[in-house]
Amino acid sequence: MTPPGAELARRLLDARRSVTRIANLPAELVPADAAAAYAVQDLVARELGRIVGWKVGAAGPEAEPNCAPLFADLVAASPARFAAARFPLGGIEGELAFRFGRDLPARAEPYGADEVWQAVDTLHPAIELVDSRFADFRAQDKQALLADNQSNGAFCQGAGIKDWRRVDFLAQPARVVIDDQEVARAVGGNAAGHPKRLLAWLANHCARRGYGLAAGDIVTTGTHTGLVFAEPGAAASVRFAGIGEASLTLTA
């Protein structure tokens, strides 16, 4: 029996493998709700390898978060190099990511925000390399974007810091530099607000779905700088004052 969402998963995987774009998604393939979109994520994940982390975000401080997995072969330490031909959108977002120091396994009892917060080991400056399997990602239904791993292409993280509890996340300055030119700057620019609630939501989402979070998993918590774009051959970096820097090159 073909599982629900299998045809959309197949098309998303084909688009990834051939580096082509889905121009017109039939309405009947658009997931009906978030649960259906996460089911498509699961089908895609079976083909893409080991999950080593997650991206989580929300449209606002009170909005329901959403998430998508990060795969081992799409995650790299800074300075990273990714082939521009593989990620033609070339989207760059400056983000803050948390690496967990202990397991948060699947369980029936919900995790509290403080418990999840205390499980974090290090904080990292990071870049999400945004890409899409859709020709016009801005025109897609939000559930289709969620099924497409919320437009994740790849990810790189800079060196972590252990004294991260000193950081004022709502007032943290960040800037993005591409080829030595500043292209974005923000102070406390994450639309979701404080990342603590995002991590708690993710821990419980993963627990409900039987995944759990593992020591060593890295979780990036949404853009602080907005989305900018880099051309093939460009070198991009994000700099968080007092935290550090992450950089990548889109090799031509």
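The values are calculated or read from the model by the stated rules, or taken from the named source; none is laboratory data. Fair warning: this is a prediction, and the values are worked out from it, not measured in the lab. Positions of Cβ are generated from backbone atoms using ideal geometry, with glycine treated the same way; all protein chains shown enter the neighbour counts. SASA here: full protein model, heavy atoms, side chains in, ligands and nucleic acids out. Shrake-Rupley method; radii C 1.70, N 1.55, O 1.52, S 1.80 Å.
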Picking from 220, 251, which residue would you name as being at pLDDT 95 or above, hydroxyl-bearing (Ser, Thr, Tyr) and surrounded by fewer than 20 Cβ atoms within 10 Å (Cβ to Cβ)?
251
What are the pairs with Cβ atoms under 9 angstrom where one residue, in region 168-185, is free of Cβ contacts under 8 Å to residues at least 24 places away in the same chain and open to solvent by less than 80 Å² (accessible area, probe 1.4 Å) and the other, located anywhere, is of a type outside the set (Ser, Thr, Tyr) and not in a helix (DSSP H, G or I)? Sequence gap at least six, or different chains.
171/187; 171/188
Keeping to region 60-104, report how many residues are in contact with a Lys or Arg (Cβ under 6 Å, 6 or more places away or on another chain) and more than 17 Å from residue 149 (Cβ to Cβ).
0
Residue set 215, 191, 246; condition under 20 Å from residue 162 (Cα atoms), open to solvent by 30 Å² or more (accessible area, probe 1.4 Å), in contact with a Gly (Cβ under 7 Å, 6 or more places away or on another chain) and in contact (Cβ under 8 Å) with a residue 40 or more places away in the chain; output residue 215
Can you confirm whether region 15-25 contains a residue that is open to solvent by less than 70 Å² (accessible area, probe 1.4 Å), over 16 Å from residue 135 (Cβ atoms), of a type in the set (A, V, I, L, M) and not in a loop (DSSP other than H, G, I, E, B)?
no
Selected residue (criterion: surrounded by the most Cβ atoms within 10 Å (Cβ to Cβ)) from residues of region 114-129 that are out of contact with any helix residue (DSSP H, G or I) (no Cβ under 6 Å at 6 or more places or on another chain) and outside any strand (DSSP E or B):
119
I need the full set of residues from region 63-113 which are open to solvent by less than 40 Å² (accessible area, probe 1.4 Å) and in a loop (DSSP other than H, G, I, E, B), in order please.
63, 65, 78, 87, 90, 111, 112
